[in-house]
Amino acid sequence: MEDVLELDVEDFVVEEDIVNKEFLTNELERYLSKLSIREHDLLCMYFGIGIPKVDVKTICDMYGVGGERVRQMKERALDKMRRRFGEKLKNLI
């Protein structure tokens, strides 16, 4: 009986982490969906939200722009999210 309880506690901790990550990803995706498709995709690729993280060079090649332009687009998209959802995003953390 003791062994079963020990395993269950460890399983719950792992399961809780998975649920929390899924919740955060879903909430972020909900906020990201309010951005333009380009801004949405850029942030998802840059930060690895819902997909594997993509390096800046690959993003540059995909959009046909330089690294500085990718940085500017990322900052603009993040600013837009801060203005629209600042408090809600803080509450997620």
Apply the Karplus parameterisation 6.51 cos²θ - 1.76 cosθ + 1.60, with θ equal to phi minus 60°, to every residue of the range 59-70 and state each ³J(HN,Hα) to the nearest whole Hz, in sequence, with x for glycine and proline.
4, 4, 5, 5, 9, x, 10, x, x, 5, 5, 4
Starting from the Cα of Glu16, step 7 Å along the direction of its Cβ; do the same at Asp55; then give the gap between the two resulting points in nm.
3.8
For the range 28-35, Karplus couplings with θ = phi - 60° (6.51, -1.76, 1.60), whole Hz, Gly/Pro x:
4, 4, 4, 6, 5, 5, 7, 7
Sort the range 30-69 into rounded, prolate or oblate with this rule: let a ≥ b ≥ c be the square roots of the eigenvalues of the Cα gyration tensor; rounded if a/c is under 1.5, and if a/c is not under 1.5, prolate when a/b is larger than b/c, oblate otherwise.
oblate
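Every read-out reported here was derived from the displayed coordinates using simple, explicitly stated rules and does not represent laboratory data. Here the structure is a predicted model, which is why all the values come from computation and not from measurement. Heads up, the Cβs are rebuilt from the backbone with ideal geometry, glycines too, and the neighbour counts pull from every protein chain shown.
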